[in-house]
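Chemist: The following block contains the structure, expressed as structure tokens.
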């Protein structure tokens, strides 16, 4: 092992420790690991800031604005209230909310999605006292995580995986490529929650009569702005679908959407900047230098070789796939799913090259598994978001989440080898 490889392994271990313990913020962790690598001569000043100009980061930033505009104008609230207005039975209400959350979080920030659905769910419980918040909010959070597995922009980790594959000359991932695994996983999760998981949810009483500050400001926003925000968002998604025909990059299409929002004065410049989740963008951009350094110094190959030697070369690719998925799904319960993906996708690529396994199949396993944060309140911000509103305890997440993780693992073990053959 070279001194640089020792250094990268040390930085990697430190990053995992800090992501796990959260002794310092995610942003501070990203800054620390980049500063350490710079002073050690592993990366240059240009490498530190290279991630900020990456196409994935630009796309994520634009989508924060486009999705946030729908919330800001009150369009999302109007749609949600109309759909849930006449639904009867608590289980059916849960199903509708899960479908809404899953569909919305496939195209916009999960935290933005849940911030609009939680107030609506509380309002439903205020109108109908028979409905219990603990049986609505956790399913919404679960569906938000599941929805993020469906599209390229569903969660930042998806963009990270695409960038790493492209940079290593292993192809790319289309806008709906993740849907091949994401839709079966999401449907399995929703069906499980409707027929069985609903019974595992806590049945305790929680007072819904509290003030909720919603992201939406429908009373202050004109219907024109609502309609324009929905129209622009829809046209952007249409542009994504036609990428192979128009040859217009996704980030350019998204930026055109942002331009339309600003030009038509649906939102102001200041509001656009406020809608961006800067810590998430900084995390995505800041982890690229470490991922690149792991590959350029051969550290990813070293870890992959250790993994291969540990398991032996005669084991089937399916076994590696299953073990990798299980490892990531455990780590993502206590780490940022974006960090998980950024740290282990390069290792997955190196393992694939070492064993002559299609790296895309292993990267897909890492990406999907990194979104399976169901069994812990700290696995993802959306799980933490609903904790106080629903009066949840750690065991409530664990009771439901273990089953969801196992189901996701089982579905992906079948789906991934079919669509991304070894």
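Chemist: Give the residues of the stretch 242-268 that are more than 17 Å from residue 58 (Cβ to Cβ) and loosely packed, with under 14 Cβ neighbours inside 10 Å, sorted by residue number. Show your work before the answer.
Modeler: Filtering the stretch 242-268 down to residues more than 17 Å from residue 58 (Cβ to Cβ) leaves 242, 244-247, 263-268.
Matches in the stretch 242-268: 242, 244, 245, 246, 247, 263, 265, 268.
Chemist: If I ask for residues that are more than 18 Å from residue 105 (Cβ to Cβ) and in contact with a helix residue (DSSP H, G or I) (Cβ under 8 Å, 6 or more places away or on another chain), which ones from the stretch 378-389 would you list?
Modeler: Matches in the stretch 378-389: 378 only.
Chemist: Could you tell me which residue of the stretch 101-111 is modelled with the highest pLDDT, considering only residues that are surrounded by fewer than 24 Cβ atoms within 10 Å (Cβ to Cβ) and in a helix (DSSP H, G or I)?
Modeler: 103
Chemist: Sticking with this structure for a sec: Counting only residues that are at pLDDT 90 or above and outside any helix (DSSP H, G or I), which one in the stretch 336-374 is nearest to the chain's Cα centre (by Cα)?
Modeler: For the stretch 336-374, the residue satisfying everything is 371.
Chemist: Also, quick follow-up: Taking the condition within 26 Å of residue 117 (Cα to Cα), surrounded by 24 or more Cβ atoms within 10 Å (Cβ to Cβ), touching a helix residue (DSSP H, G or I) at 6+ places or on another chain (Cβ under 7 Å) and touching a residue at least 12 places away in the same chain (Cβ under 8 Å), does residue 370 pass?
Modeler: Judged against the criteria, residue 370 is a match.
Chemist: Is it the case that some residue within the stretch 308-317 is modelled with pLDDT of 80 or more and crowded, with 18+ Cβ neighbours inside 10 Å? Give the derivation first.
Modeler: Taking the stretch 308-317 as the starting set, the residues that turn out to be modelled with pLDDT of 80 or more are 317.
Narrowing further to those that are crowded, with 18+ Cβ neighbours inside 10 Å: 317.
Taking every residue of the stretch 308-317 in turn, at least one turns out to be modelled with pLDDT of 80 or more and crowded, with 18+ Cβ neighbours inside 10 Å.
Chemist: A further question follows. Quick check on the stretch 114-135: of everything there that is crowded, with 24+ Cβ neighbours inside 10 Å and free of Cβ contacts under 8 Å to residues at least 60 places away in the same chain, which residue is farthest from residue 155 (Cα to Cα)?
Modeler: Here the residue is 121.
Chemist: Could you list, in sequence order, all residues of the stretch 176-193 that are under 26 Å from residue 239 (Cβ atoms), touching a helix residue (DSSP H, G or I) at 6+ places or on another chain (Cβ under 6 Å) and surrounded by fewer than 19 Cβ atoms within 10 Å (Cβ to Cβ)?
Modeler: Selection gives 180 alone.
Chemist: Among the residues of the stretch 252-304, write down those that are under 30 Å from residue 223 (Cβ atoms) and under 18 Å from the mean Cα position of the chain (by Cα). Step through it out loud before you land on a result.
Modeler: Our first condition is that a residue be under 30 Å from residue 223 (Cβ atoms); within the stretch 252-304, this holds for 252-277.
If the condition is that a residue be under 30 Å from residue 223 (Cβ atoms) and under 18 Å from the mean Cα position of the chain (by Cα), then 275, 276, 277 are the ones that fit.
Chemist: Let me spell it out: the conditions are (1) farther than 25 Å from residue 264 by Cβ; (2) over 21 Å from the mean Cα position of the chain (by Cα); (3) surrounded by 14 or more Cβ atoms within 10 Å (Cβ to Cβ); (4) at pLDDT 80 or above, and residue 196 meets all of them except one. Which number is the exception?
Modeler: Among (1) farther than 25 Å from residue 264 by Cβ; (2) over 21 Å from the mean Cα position of the chain (by Cα); (3) surrounded by 14 or more Cβ atoms within 10 Å (Cβ to Cβ); (4) at pLDDT 80 or above, residue 196 violates only (3).
Chemist: Then there's this: State the number of residues belonging to the stretch 6-35 that are surrounded by fewer than 18 Cβ atoms within 10 Å (Cβ to Cβ), touching a residue at least 24 places away in the same chain (Cβ under 8 Å), more than 20 Å from the chain's Cα centre (by Cα) and more than 20 Å from residue 277 (Cβ to Cβ).
Modeler: 1
The values are calculated or read from the model by the stated rules, or taken from the named source; none is laboratory data. None of the values given here were measured: they were computed from a predicted structure. Don't worry about glycine lacking a Cβ; one is built from the backbone with ideal geometry, like all the others, and counts go over all protein chains shown.
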